[in-house]
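**Q** Pasting a structure here, questions to come.
The values are calculated or read from the model by the stated rules, or taken from the named source; none is laboratory data. Owing to the predicted nature of the structure, the values given are computational and were not obtained by experimental measurement. Every residue, glycine among them, receives a Cβ derived from its backbone with ideal geometry; neighbour counts consider all protein chains shown. All accessible areas refer to the heavy atoms of the entire protein, side chains included, with ligands and DNA or RNA removed. Shrake-Rupley method; radii C 1.70, N 1.55, O 1.52, S 1.80 Å.
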Amino acid sequence: QAQLRESGGGLVQPGGSLRLSCAASRSISSINAMDWYRQAPGKQRELVAVARSDGTTRYADSVKGRFTISRDNAKKMVYLQMNSLKPEDTAVYYCHQDCVITIEGCNPVDAWGQGTLVTVSS
């Protein structure tokens, strides 16, 4: 299983920007989807953004137009550019990969990083 490590979290004012990074210890080229999740205190973990191996992306309605997910397979990196941040974006953000694409299908991996805290406050 790949090791994932997030970085880039911190304290930012409302309206500000942060870029989160996720470094993978193994190749992510064959990973079906690299994802960003977040979990705020007292709330369930929610899917924020998805970057599929075919280049498509999708986002939670709450972050559409503000967040951009990208993946650099050569560098084994995934990023989440967060703009126009709101206090409601405050959460621990987690990097995740779902499965490895094979001829037979997609082999589950379900790997998680340790999380990085984003705090949006004045």
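**Q** Within the chain, how many lysine pairs that are 8 or more places apart, or on different chains, have C-alpha atoms less than 26 Å apart?
**A** Qualifying lysine pairs in the chain: 5.
**Q** For the stretch 53-115, which whole percent of the accessible surface, found with a 1.4 angstrom probe, sits on carbon and sulfur atoms?
**A** About 50 percent, which is the carbon plus sulfur part of the accessible surface.
**Q** Compute the signed sum of charges (Lys and Arg +1, Asp and Glu -1) over the other residues within less than 14 Å, Cβ to Cβ, of residue 18. Can you show the working numbers first?
**A** Details: positive: 19, 38, 66, 86; negative: 6, 89.
Result for the local shell: +2.
**Q** Can you list, bin by bin at 5 Å, the percent of alpha carbon pairs in the chain, starting at 0?
**A** In order of increasing distance, the bins hold 2, 12, 23, 25, 18, 11, 6, 2, 1, 0, 0 percent.
**Q** Suppose a student asked you for the relative contact order of the chain, using Cα pairs under 8 Å spaced at least 6 residues apart; what percent would you report? Can you show the working numbers first?
**A** Numbers: 307 pairs, mean separation 44.4, N = 122.
Worked out over the chain, it gives 36 percent.
**Q** Could you calculate the FRET efficiency of residue 77 with residue 103 from 1/(1 + (r/R0)^6), where r is the beta carbon distance between them and R0 is 30 Å, rounded to 0.05?
**A** That pair, residue 77 with residue 103, gives E of 0.70.
**Q** Here is a follow-up. Hand me the trypsin sites (Lys or Arg not before Pro) from the stretch 27-122 located in a DSSP loop with no more than 14 other Cβ atoms within 10 Å, in residue order please. Provide the component values of the computation, followed by the final result.
**A** Values: sites: 38, 43, 45, 52, 58, 64, 66, 71, 75, 76; in loops: 43, 45, 64, 66, 75, 76.
Passing both the DSSP loop test and the Cβ count: 43, 64, 75.
**Q** In Å², what does the accessible area per residue of the chain work out to with a 1.4 Å probe? Spell out each step's value before the answer.
**A** Values: 6450 Å² over 122 residues.
That works out to 53 Å² for each residue.
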